[in-house]
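To start, the structure under review is shown below, and the notes come after it.
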Amino acid sequence: MRMDGATQTRDYRVAMGNAAISVVPDTSLNNRISSDDDFPFCRATIRNFRRGELIAGAGVFVDMFARVQRGLVSASTMLPDGREFIVEIIPRGGLIGELEVLRKQMLNLEYRASSDCELYFFEGRLLRERYATDPQFQEKVFSRTLARVSELERRIISNAGSSLQSRLAAMLLRLSSVYGKDTPANRDVLVISQNDLAATLPASREKVNQCLRRLRECKVIDGAQGRIRILNRKALEAYADGAASAK
């Protein structure tokens, strides 16, 4: 796993792939992990990543998983035609690589920072030991996994039967919910490049830009240069449901 982010602590160093990272003693995170965290492991590596930086590449095996403490992370793969497909944008509190750690498998997706972010990395054995001895923890892992699979299934079904305009509106609403977990006061402001937005659908950037222009003309959204503001949420919901059409 390639790690390019800046380290935040310097107590002592270990190697992960080709990068050196710092390990935080057990007591340093006690006050930083909330009591309702489903994965309350205290021994962690803290790393900061800048927007666009690679966090982990697909096809590698590393016995660690990560929790997004701040910011957003995109998980993507390449389609047969060479286009990028952003499978998921992971918000604060989301996990990276936990299933691969449990199964001792390679990562299937590439992970990049969608915004400046902070991640906590944990040793895989901690997850496996907890999973093997705690039935309630097993249920939490299963519930999280089922929710993510169900969301992906819903997106695939929607993509098959909806217009691009409808899919785009639905994705903007979904991104608003995701962004709201990191910045609740600004959930109507989405900081995302047009390339990344197109990759979430997936669709060509040109066609996505046409749909965005129609939504701006109808005063449903505004913004430019990688920033979209939702002006009329009810109208956007109507587009997502297919009840409206931006001409």
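The values are calculated or read from the model by the stated rules, or taken from the named source; none is laboratory data. Fair warning: this is a prediction, and the values are worked out from it, not measured in the lab. Cβ sites come from the backbone with ideal geometry, for glycine too, and all protein chains shown count toward neighbours.
Do you know which residues across the range 219-231 are surrounded by fewer than 21 Cβ atoms within 10 Å (Cβ to Cβ) and in a loop (DSSP other than H, G, I, E, B)?
The answer is Lys219, Gly223, Ala224, Gln225, Gly226, Leu231.
Only one residue in Thr183, Thr145, Thr200 is surrounded by 14 or more Cβ atoms within 10 Å (Cβ to Cβ), assigned by TED's automatic domain parsing to the domain that holds Glu98 and of a type in the set (Val, Ile, Thr). Which one?
On the way: Thr183 fails: assigned by TED's automatic domain parsing to the domain that holds Glu98; Thr200 fails: assigned by TED's automatic domain parsing to the domain that holds Glu98.
Matching residue, one of Thr183, Thr145, Thr200: Thr145.
List pairs: first in the range 92-105 and farther than 12 Å from Arg125 by Cα, second assigned to a helix (DSSP H, G or I), Cβ under 6 Å, 6+ apart or cross-chain?
Arg92/Lys181; Arg92/Asp182
Is the range 102-117 home to any residue that is of a type in the set (Asp, Glu) and farther than 27 Å from Arg187 by Cβ? Give the steps one after another, and end with the answer.
Here is the first cut: in the range 102-117, the ones of a type in the set (Asp, Glu) are 110, 116.
Now narrow it down to the ones that are farther than 27 Å from Arg187 by Cβ: none.
Within the range 102-117, none of the residues are of a type in the set (Asp, Glu) and farther than 27 Å from Arg187 by Cβ.
Can you name the number of the only condition in (1) charged (D, E, K, R); (2) in contact (Cβ under 8 Å) with a residue 12 or more places away in the chain; (3) assigned to a helix (DSSP H, G or I) that Arg216 fails?
Answer for Arg216: the failing condition is (2).
Condition check ((1) assigned by TED's automatic domain parsing to the domain that holds Ser193; (2) modelled with pLDDT of 50 or more; (3) touching a strand residue (DSSP E or B) at 6+ places or on another chain (Cβ under 9 Å); (4) within 30 Å of Arg205 (Cα to Cα)) across all residues:
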site: Arg13; (1), (2), (3), (4): no, no, yes, no
site: Met16; (1), (2), (3), (4): no, no, yes, no
site: Pro25; (1), (2), (3), (4): no, no, no, no
site: Ala44; (1), (2), (3), (4): no, yes, yes, no
site: Gly57; (1), (2), (3), (4): no, yes, yes, yes
site: Asp63; (1), (2), (3), (4): no, yes, yes, no
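Give the residues of the range 96-140 that are under 30 Å from Ile192 (Cα atoms) and not in a strand (DSSP E or B), sorted by residue number. Step through it out loud before you land on a result.
Filtering the range 96-140 for residues under 30 Å from Ile192 (Cα atoms) gives 96-101, 106-122.
Correct list: Gly97, Glu98, Leu99, Glu100, Val101, Met106, Leu107, Asn108, Leu109, Ser114, Ser115, Asp116.
Could you count how many residues in the range 197-213 are within 20 Å of Pro80 (Cβ to Cβ), under 17 Å from the mean Cα position of the chain (by Cα) and part of a helix (DSSP H, G or I)?
3
For the range 103-132, how many residues are touching an Asp or Glu at 6+ places or on another chain (Cβ under 8 Å) and not hydrophobic (A, V, I, L, M, F, W, C)?
The qualifying residues number 8.
Restricting to the range 148-180, and then to whatever is of a type in the set (Lys, Arg) and in contact (Cβ under 8 Å) with a residue 12 or more places away in the chain, can you tell me which residue is surrounded by the most Cβ atoms within 10 Å (Cβ to Cβ)? Explain how you work it out, then say what you get.
We begin by selecting, within the range 148-180, every residue of a type in the set (Lys, Arg); these are 148, 154-155, 167, 174.
Among the residues that remain, those that are also in contact (Cβ under 8 Å) with a residue 12 or more places away in the chain are: 148, 167.
Numbers: Arg148: 17, Arg167: 22.
Ranking the candidates gives Arg167 first.
I'm trying to understand the selection: among the residues of the range 108-149, which are of a type in the set (Ser, Thr, Tyr), within 19 Å of the chain's Cα centre (by Cα) and modelled with pLDDT of 90 or more?
Passing the criteria: Tyr111, Ser114, Ser115, Tyr120, Ser143.
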